[in-house]
Structure formats: structure tokens, C-alpha cells
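Reviewing the structure listed below.
Just so it is clear, none of the values below were taken in a lab; they were calculated from the coordinates. None of the values given here were measured: they were computed from a predicted structure. Cβ coordinates were reconstructed from backbone atoms using ideal geometry, including for glycine residues, and neighbour counts include every protein chain displayed.
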Amino acid sequence: NNHKTWMDSELVEPHVGYKKVLVTGGAGFIGSHVAEDLLARGDDVVIIDEINDYYDIRIKESNLQMLKDTYPEEGRVSIYKGDICDRELMEHIFAVEKLRWVCHMAARAGVRPSIQDPFIYIHSNINATTQLMELSHKYGVENFVFASSSSVYGGSKATFFSEDEVVDRPVSPYAASKKTCELLAYTYHHLYQLNVTGLRFFTVYGPRGRPDMAPSKFIDLVTRGKSIQQYGDGTSSRDYTYISDIVDGVLRSIDRCHKYEIFNLGKGSGTTLNKFISMVQKGVGRKAVIEILPDQPGDVPYTCADVAKAKHMLGYNAQVTFEEGIRRTAAWYKKCYGSGSSNSTVVEKKTESKEIKN
Ligand code: NAD
């Protein structure tokens with residue numbers, strides 16, 4: 001009875017060869033890493049990002065600058081600054097760049113802020129994704145890969161979250177917006193045979209990580225001797241996934257074109273908050289000052305990915321242990337900031353922020 005429907009599906013041969021890929025949110029954490037790896041293997045990248053101030057925009061500008069500095073040749077990386085919901089701009093990009101592959105990483109992220117301001121999540125997640133799928137259909141895109149989130153599992157009581165589970169209990173506007181994107185993706189596949197793959201990421205961390213997320217935030221605070229806030233008793237557990245493993249899963253999804261699939265991309269094992277804090281202390285080489293607070297509304301107490309489907313259909317296999325990932329992230333932080341960034345945001349100091357043309 002445990003037999004999953006996808007077990008019978010045949011492995012799809014990867015589409016090898018040159019691609020020009022639209023990476024939305026390419027100035028952000030995951031998008032900039034995806035762009036970097038696509039460029040490194042010889043693909044060309046077109047980036048659209050509005051560079052919003054959800055966190056320090058100097059981080060995003062520095063991410064883009066790094067890509068432009070590493071690949072200065074004409075046509076390798078083209079950067080457009082703007083809102084995906086701007087129809088005229090997006091029509092222009094699709095028409096001029098002749099896009100066939102879309103990797104949609106842009107979104108308003110963050111669970112707690114979505115409770116404060118739900119409308120911006122409807123705009124940047126639901127409206128923007130619909131806009132991109134409309135244009136992908138219109139301009140004949142071959143493969144549309146987009147970022148969903150483990151938050152869609154919401155109120156699930158399962159130990160391992162598996163894609164087969166029917167989950168319609170999102171517990172935050174952010175989670176509801178991601179679930180809506182998955183539903184609309186099915187609709188576009190059904191109506192227009194758009195090939196769509198949705199990837200449910202499980203708490204991603206690593207160098208250039210989002211400063212609002214616990215791994216980067218804790219490394220920064222512990223380095224500077226500031227207190228960290230622990231919600232609950234420390235036994236809550238999350239599946240933390242190192243950025244290079246996520247990028248590997250994204251690239252595999254771009255190469256193997258599926259008709260309509262949803263995949264979990266996680267490490268496949270949970271780490272308790274207590275263990276997480278002790279790893280941060282080890283990585284930074286300093287003891288943490290801990291402030292204990294009650295659990296937050298909208299937070300999910302336990303996340304752990306069942307990655308069997310991604311293993312079987314994508315050949316995905318997360319490699320980096322949590323200990324190793326935190327060690328690398330702390331080492332990166334130290335290289336950029338030494339004893340700590342001057343404010344609580346994490347910005348790479350080595351590049352000046354410059355005006356972005358295009
Ligand atoms: P990020 O905030 O670093 O990157 C998102 C980028 O999208 C930002 O640079 C932002 O300026 C851009 N953006 C947002 N709205 C836009 C719009 N309307 N038009 C143009 N650009 C816009 O976030 P991230 O952590 O890199 O997340 C990437 C994707 O992965 C998001 O879809 C997020 O929901 C999803 N995700 C992330 C995690 C994680 O742990 N980081 C977990 C689950 C899902």
C-alpha cells in the first residue's frame with residue numbers, strides 16, 4: 001500500500017547542452033547561487049529582480065556585481081531591474097531574450113512578515129507567478145521551474161513530509177501563497193501543457209544566506225556577542241538544507257523536463273534548535289547568549305523532507321551535513337566580516353555597491 005504513483009514513472013533523460021535561462025530573483029540568496037552555477041557550466045543567464053528592501057539591498061547589489069565581475073563577457077549575464085508584475089517590462093524581456101527556460105526563484109519570503117502584510121505576498125508570489133506562466137505559455141517556454149516551500153505542509157502531523165500527502169492547511173499567508181502557486185501551475189499545465197516543476201525547499205542556508213533567517217542571523221549575533229532568541233524549548237526541529245544541495249536539485253529540475261511534478265528538496269533529516277545552536281557556537285568558536293521566548297504563531301514545530309521522489313526522479317542526493325554546512329557558512333561570514341558586521345545585516349564588504357544598468 002506504500003507504493004507511490006511516481007515510482008512507476010520512467011527516469012527522464014537530462015536535456016544536455018546550452019541553455020539561456022531566465023532566473024527570477026537572481027539578486028537574492030538562492031537565485032544568485034543558481035545563476036552562478038548555471039554560468040559556471042556554460043549556460044547564459046537573464047536576471048529579473050526588483051531588488052526590494054525586504055533585507056539590506058546592498059547584499060543583492062553585491063550578489064549581482066559578483067556575477068557581472070565573474071562573467072563580464074557580453075551576453076553571459078543580462079540584468080533587468082523591475083517588478084515581475086510589470087507586464088510591459090516582462091513582455092519586452094521574453095520577446096528580446098527569446099527565453100525557453102524559466103527558473104522562478106523570486107518571491108516575498110518569510111513566514112512572520114507575511115502575517116503583518118499579506119497583500120505584498122499575494123502580489124509578489126501569486127500575481128508574479130501567474131504573470132510568468134502566462135508569458136511562458138505565450139512565448140513557448142520549454143520548462144518552467146519554480147520555488148515552492150516546505151511551509152505548504154503547515155498543519156500536517158506527519159513525521160516525514162511527502163509530496164503525495166494532500167495538504168490544504170497552510171498556516172500563514174506566505175504558505176497559502178506558495179500553495180496557490182502550485183495549484184495555478186497545475187492549471188497552466190492542464191490548459192496549455194506548460195511543463196512545470198515546483199520545488200518545495202526546506203530551510204536553506206549557506207554563504208550569502210538571507211540575514212533574516214536563523215542560520216545567518218545566529219552566526220552574526222554569536223560572533224558579535226549579542227543574544228540570540230530561541231523560540232520554544234529548543235526541541236523544535238527543522239530540515240536545514242545547504243545551498244549547494246538546493247542548487248543541484250534546481251539544476252537537475254531544469255535539465256529533466258517534467259510535465260507537472262512537485263518535489264521536496266531537503267536534507268532529509270531534522271536538526272533540533274538545541275543542536276543547531278551548539279553547531280553555531282562550534283562554527284563561530286564562541287558561546288551564545290540565549291534569550292528564551294514562546295513559540296510564534298505561524299511557525300511549524302517540525303519539518304523533515306521525504307526526499308525519495310527527488311532521489312528517484314531527479315537523481316538528487318543532498319551531500320552536505322549540517323555540521324559541515326554551518327562550518328562553511330561561519331567560515332564565509334568570518335572571511336567577509338571578521339569579528340562581525342557593523343549592524344545586524346550581513347553584507348559582503350569586498351565589492352562596492354554600484355548602480356545596475358539595464
Ligand atoms: P530572497 O529574498 O533572497 O530572494 C528573492 C528575490 O526576489 C529578492 O532578491 C527580491 O528582490 C526578488 N523579488 C521579490 N519579489 C519580486 C518581484 N515582484 N519582482 C521582481 N523581483 C522580486 O529569498 P531566497 O531565500 O533566495 O528565496 C528564493 C525562493 O525560494 C523564494 O521563492 C522563496 O519563497 C523560496 N524558499 C526559500 C527558502 C529559504 O530557506 N531560503 C525556503 C523555502 C522556499
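Comparing Ser114, Ser151, Ser177 in a Gaussian network model of the chain where C-alpha atoms under 10 Å apart are linked, the largest mean-square fluctuation is found at Ser114.
Note that segment 142-205 shows a convex hull volume over its alpha carbon atoms of 94 Å³ per residue.
Please say if segment 1-117 is rounded, prolate or oblate, where rounded means a/c under 1.5 for a ≥ b ≥ c the square roots of the C-alpha gyration tensor eigenvalues, and otherwise the choice is prolate for a/b larger than b/c and oblate otherwise? Since a/c reaches 1.5 but b/c is at least a/b, the shape of segment 1-117 is classed as oblate. Across segment 146-163, rounded Karplus estimates of 3J(HN,Hα) from the backbone phi angles (6.51 cos²θ - 1.76 cosθ + 1.60, θ = phi - 60°) give 9, 7, 9, 7, 4, 5, 5, 6, x, x, 4, 9, 5, 7, 10, 7, 10, 4 Hz, Gly and Pro being marked x. Segment 184-243 and segment 19-86 have their alpha-carbon centroids 19 Å apart. Counting only the Cα atoms, the chain fills a convex hull of 130 Å³ per residue. Here is the list for segment 23-83: trypsin sites (Lys or Arg not before Pro) lying in DSSP coil, each with at most 12 other C-beta atoms within 10 angstrom of its C-beta, are Arg41.
For Gly110, the shell of other residues with beta-carbons less than 9 Å away shows a net charge of +2, using +1 for Lys and Arg and -1 for Asp and Glu. Report summary: the helix-based calculation at 222 nm, which adds -39500 (n - 2.57) for every DSSP H run with n ≥ 4 and divides by the residues of the chain, gives -11500 deg cm²/dmol.
Close amide H contacts of Ile47 (hydrogens built in the peptide plane, cut-off under 5 Å, sequence separation of 5 or more or a different chain): Val23, Ser78, Ile79, Tyr80. Each residue of segment 242-259 was assigned a 3J(HN,Hα) from its phi angle through the Karplus expression (A = 6.51, B = -1.76, C = 1.60, θ = phi - 60°), giving 6, 3, 5, 5, 4, 4, 4, x, 5, 5, 4, 6, 5, 6, 9, 7, 9, 5 Hz with x at Gly and Pro. Averaging 1/r over every pair of different alpha carbons in segment 79-216 and inverting the result gives a Kirkwood radius of 15.9 Å.
Among 214-221, 46-53, the peptide with the highest mean count of other Cβ atoms within 10 Å heads the list, and the full ranking is 214-221, 46-53. Directionally averaged projected area (segment 223-331, Cα convex hull): 7.9 nm². Structure note, pairs Lys60/Lys334; Lys19/Lys217; Lys60/Lys259; Lys60/Lys226; Lys178/Lys334: Cα-Cα distances above 28 angstrom occur for Lys19/Lys217; Lys60/Lys259; Lys178/Lys334. Looking at the chain, the DSSP beta bridges with both ends there are about 5 percent antiparallel. Computed about its Cα centre, the charge dipole of segment 230-325 is approximately 240 debye, with only Lys, Arg, Asp and Glu carrying charge at their Cβ. Amide H to amide H distances under 5 Å link Ile290 with Ile228, where only residues 5 or more positions off or on other chains count and H is placed in the peptide plane.
Computed from the C-beta positions of His92 and Glu134, the FRET efficiency with R₀ = 25 Å rounds to 0.95.
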